[in-house]
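A quick write-up on the structure given underneath.
Since every read-out is calculated from the coordinates, none of them should be taken as a lab result. Bear in mind that the values here come from a model prediction, so they are computed numbers and not experimental data. A quick note on method: Cβ atoms are made from the backbone with ideal geometry, for glycine too, and the neighbour counts reach across all protein chains shown.
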Amino acid sequence: MQKCERSTMEQLLATMSSQKYHPIEDKFTFTIHEEIHNVFKRLSGPILEAIISFKPDVDIELFNTNVTSFARWMSHVVTSDIVRSKNWKEKMHWIRNQGPHSTCWAIAAVELISALRFILGYDTEYTDYSAQFLVDFVNVKRGERKCAETNGNHYCFDYTIAKALEFVVHAGIPEAKDWVYVGCRAPNGPPNYRPQNIPRFYIKSVTKISSIHEALPYLQFHPIGAALAFFEPDYYLIKDGVYRGPVYIESVYKGFHYVNIYAIIEENGETIALVKSSHGERYGDGGYFKVSCDVLMIEVPWEGINAHTHYRQPMRLLSRFSFPTFA
Ligand SMILES: [Zn+2]
């Protein structure tokens, strides 16, 4: 998760054990053809136009949380038998734990490097590469800014898998055993030198894909990185269920959380990505999540309030796909 401060998480967990969340009940569903008048009453022109351009398969559901509204619908993502026959879970080994730090992007990036080097034969044994090297050196100014903003509590910061991988193209990356994960280096910051005397490994380039239809076929070769739309408390409560975004009145969108997709399955006609997260084994199904690929949502903001920039256009729950290449 991008903003996973320890105090916030502990407060949330304390609340979760005593508080019952309220499933969204006042859903308003319609099909575009039959209830077009209701649609016009509830949705503004550009939002409606954006929804229609995505050709929804079935009903559109409009629902309210305590702070905003979303329209949600399904648009099926077709995948091939060969993509659905692959599962890279065992090749990616253990579940990491980012702790109270904003380092999901770094962990996901090195997990990809480790997995792809192993799968493609560049490493004969699975090798763990250093997420800390990325946190320390990929963007020192961002770290300093975060340190100032958090009164010296954090040097970690929000970033993306793709930018982290682009850094590895020219800076290389050491093994994790040579530059050990500590999360972040508050309050003093990282050393002002990069380690010179330990081996570093390079990638050739970074592939970035915005369309889920173009990204998922790469799963026949290896896992791929992605940004997961992070809704709270949904992420914490979903366990082994299928994550389809917000389902509680209390649900709040918190931004992107970077994960790796290791397999695709189809259940009851729905395409579902199996993803590996980095908050230890406590959440999801032992740290793994099932995420619907077919769900699309757009925010329908209340009057006088701006939609989150991520949800001003229809967006799926997984986006910003990327992975390294080596040759
Ligand atoms: Zn931190």
Q: Straight distance only, please: which aspartates and glutamates reach the Cα of residue 20 with their own Cα at less than 13 Å, same-chain residues fewer than 8 apart left out?
A: 234, 250
Q. Tilt of helix 140-149 relative to the longest C-alpha principal axis of the chain, in degrees (0 to 90, nearest 10)?
A. 60 degrees
Q. Based on the alpha-carbon gyration tensor of the stretch 50-167, what equivalent-ellipsoid semi-axes (square roots of 5 times the eigenvalues) come out, in whole Å, largest first?
A. 33, 27, 12
Q | Of 317, 165, 120, the one that fluctuates the most in a GNM where the chain has Cα springs shorter than 10 Å | A | 120
**Q.** Loop-located chymotrypsin sites (Phe, Trp or Tyr not before Pro) in the stretch 49-126 whose Cβ has at most 16 other Cβ within 10 Å (DSSP)
**A.** 54, 94, 122, 126
**Q.** ³J(HN,Hα), Karplus 6.51/-1.76/1.60, whole Hz, each residue of the stretch 67-81, x for Gly, Pro
**A.** 10, 6, 10, 10, 9, 9, 8, 10, 9, 5, 9, 7, 10, 8, 4
Q: Starting from the exponent 0.38 and prefactor 2.2 Å, build the expected Rg for the chain from its residue count and divide its actual Cα Rg by it.
A: 1.03
Q: Can you list which of the trypsin sites (Lys or Arg not before Pro) found in the stretch 209-265 are DSSP loop residues with at most 13 other C-beta atoms within 10 Å?
A: 239
Q.
Can you compute 3J(HN,Hα) from phi for each residue in the stretch 86-103, using the Karplus curve 6.51 cos²θ - 1.76 cosθ + 1.60 with θ = phi - 60°, rounded to whole Hz and x for Gly and Pro?
A. 9, 8, 9, 3, 5, 6, 9, 6, 6, 7, 7, 9, 6, x, x, 10, 8, 10
Q.
I need 292, 319, 53 ordered by Cβ neighbour count within 10 Å, fewest first.
A. 53, 319, 292
Q) If the stretch 209-327 were replaced by its equivalent ellipsoid, with semi-axes equal to the square roots of 5 times the Cα gyration tensor eigenvalues, what would those be, largest first, whole Å? A) 24, 18, 13
Q | residue 89-residue 302 FRET efficiency (beta carbon distance; Förster radius 41 Å; 0.05 resolution) | A | 0.50
Q) Considering the chain as a Gaussian network with a 10 Å cut-off on Cα pairs, which listed residue, 251, 44, 211, attains the greatest mean-square fluctuation? A) 44
Q.
I'm checking a number: the convex hull volume of the Cα atoms of the stretch 122-199, normalised per residue, in Å³. What is it?
A. 99 Å³
Q. Ordered by residue, what ³J(HN,Hα) values in Hz, to whole numbers, does the stretch 154-163 give under the Karplus form 6.51 cos²θ - 1.76 cosθ + 1.60, where θ = phi - 60° and Gly and Pro are x?
A. 9, 10, 7, 7, 6, 7, 10, 4, 4, 5
Q | Simple label model, 7 Å out from Cα along Cβ direction - residue 197 to residue 122, nm | A | 2.6 nm
Q. Using a Gaussian network for the chain with springs between C-alpha atoms less than 10 Å apart, which of these wobbles most: 183, 286, 45?
A. 45
Q. Are there GluC sites (Glu not before Pro) in the stretch 231-327 that DSSP marks as loop and that have at most 12 other Cβ atoms within 10 Å, and which are they?
A. 303
